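Before any comments, here is the structure.
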Amino acid sequence: MTTPLTVHLPFNREILGAAFTPAKRGDKPAGERGHWILVQEQNLIVAPADGGFRLPHGECPLPLLDGPPPFWLGTYRDEPCWVVPVAADAGVPAHLARETVVPMRGTRLPDELLSLGGMAMQALWWESTSGHCPRCGEPTSRIEGEWGKKCPRCTYEHYPHLHPATIVLVRDGDRVLLTRKAGWAPNRYALVAGFVDNGESLEACVAREIKEEVGVDVKDITYVGSQNWPFPSQLMIGFVAAYAGGDLIIDRDELEDARWFDVDSLPAGPSRHSIAGYIIENYARP
Ligand SMILES: [Zn+2]
């Protein structure tokens, strides 16, 4: 029996603990007052406070344009949380600030706001992609008490589409195998990752992605934790694996470079906000 794994990373809802309850449980509150999650592309419009940031609070701080009403995401710190998409070219009021949600762009938002912002982005993405039945094209309606949508004509039901992807650190004693893609910041390396195929187990996905991208075989594939990743809808499933043989053969369509690094001289890594950073930080050393 091993200890249950808990990865305390932003974008995982559990980082909010009891402070957040999703809207699918309970009745929509009357009146649109509370916390405001204003999403402008991959940014939040937030209020600077005490050297950091918080959500705007009270009445909506921006004029609500024509369009769907604010989306009720849930209850945060005992008050309703409303999501509003903001046009890409809209200006930001002087008392508010635009902050990126994207870790690799150097987000300065606290982890709780990243988790709320990630859920808000996913909710908007889901709303924008689920309005019509994917089978027959009829407008859908929300299934009561769920995020899912149902078609009134053909009765097809669908739920938020999350895309599972594995991400893996390959280890061999005192060295680890890292990869980089073209266009990344100089000397920045990360892990092998890829989407799960139809009919494929997670472990098979890990072994296949490593074989395809860097040519080597692995064994002892071990799950270490997962992270919800709202860009726009991945579920990253983290593993470590042991090198089992083979020469490095780099897939140049996917990667610019891949190489073994001594664990005492690792290159610049992924953001601390990502499960890739978490895995390297916690699992690179034997
Ligand atoms: Zn239908």
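The values are calculated or read from the model by the stated rules, or taken from the named source; none is laboratory data. Only a predicted model underlies this, so the values are computations on that prediction, with no experimental measurement involved. All Cβ positions, even for glycine, are placed from backbone atoms using ideal geometry, and neighbour counts span all protein chains on display.
Only one of the listed residues (THR179, THR222) is more than 25 Å from HIS8 (Cβ to Cβ) and either free of Cβ contacts under 8 Å to residues at least 40 places away in the same chain or surrounded by 15 or more Cβ atoms within 10 Å (Cβ to Cβ) (or both). That residue is THR179. For SER141, indicate whether it is in contact with a strand residue (DSSP E or B) (Cβ under 7 Å, 6 or more places away or on another chain), more than 30 Å from MET104 (Cβ to Cβ) and among the small types (Gly, Ala, Ser). Against the criterion (in contact with a strand residue (DSSP E or B) (Cβ under 7 Å, 6 or more places away or on another chain), more than 30 Å from MET104 (Cβ to Cβ) and among the small types (Gly, Ala, Ser)), SER141 qualifies.
Going residue by residue through segment 157-171, is there one that turns out to be within 16 Å of the ligand (Cβ to nearest atom), over 30 Å from ARG259 (Cα atoms) and aliphatic (A, V, I, L, M)? No, segment 157-171 has no match at all. Tell me, yes or no, whether segment 191-207 has at least one residue that is free of Cβ contacts under 8 Å to residues at least 24 places away in the same chain, among the hydroxyl-bearing types (Ser, Thr, Tyr) and within 15 Å of the ligand (Cβ to nearest atom). Scanning segment 191-207, I find no residue that is free of Cβ contacts under 8 Å to residues at least 24 places away in the same chain, among the hydroxyl-bearing types (Ser, Thr, Tyr) and within 15 Å of the ligand (Cβ to nearest atom), so the answer is no. Would you please list the contacts, defined by Cβ atoms under 7 Å and residues six or more apart or on different chains, that run from a residue in segment 66-88 that is over 18 Å from ASN43 (Cβ atoms) to a residue that is buried (at least 18 other Cβ atoms within 10 Å of the Cβ) and among the small types (Gly, Ala, Ser)? Between residues of segment 66-88 that are over 18 Å from ASN43 (Cβ atoms) and residues that are buried (at least 18 other Cβ atoms within 10 Å of the Cβ) and among the small types (Gly, Ala, Ser), the close pairs are TRP72/ALA23; GLY74/ALA23; GLU79/GLY34; PRO80/GLY34.
Note on segment 187-219: residues that are among the polar types (S, T, N, Q) and crowded, with 16+ Cβ neighbours inside 10 Å total 0.
Within segment 265-286, being modelled with pLDDT of 90 or more and among the charged types (D, E, K, R) holds for one residue alone: GLU281. Would segment 110-133 turn up any residue that is more than 16 Å from the ligand (Cβ to nearest atom), assigned to a loop (DSSP other than H, G, I, E, B) and either over 25 Å from the mean Cα position of the chain (by Cα) or surrounded by 21 or more Cβ atoms within 10 Å (Cβ to Cβ) (or both)? No, because not a single residue in segment 110-133 is more than 16 Å from the ligand (Cβ to nearest atom), assigned to a loop (DSSP other than H, G, I, E, B) and either over 25 Å from the mean Cα position of the chain (by Cα) or surrounded by 21 or more Cβ atoms within 10 Å (Cβ to Cβ) (or both). Against the list (1) touching a residue at least 60 places away in the same chain (Cβ under 8 Å); (2) closer than 21 Å to PRO22 by Cα; (3) in contact with a Ser or Thr (Cβ under 9 Å, 6 or more places away or on another chain), the condition PRO103 fails is (2). Residues that are touching a Pro at 6+ places or on another chain (Cβ under 9 Å) and of a type in the set (D, E, K, R) within segment 25-40 comprise LYS28, GLU32, ARG33, listed in sequence order.
Of all residues in segment 134-156, count the ones that are surrounded by 12 or more Cβ atoms within 10 Å (Cβ to Cβ), more than 13 Å from the ligand (Cβ to nearest atom) and free of Cβ contacts under 8 Å to residues at least 60 places away in the same chain. Count: 3.
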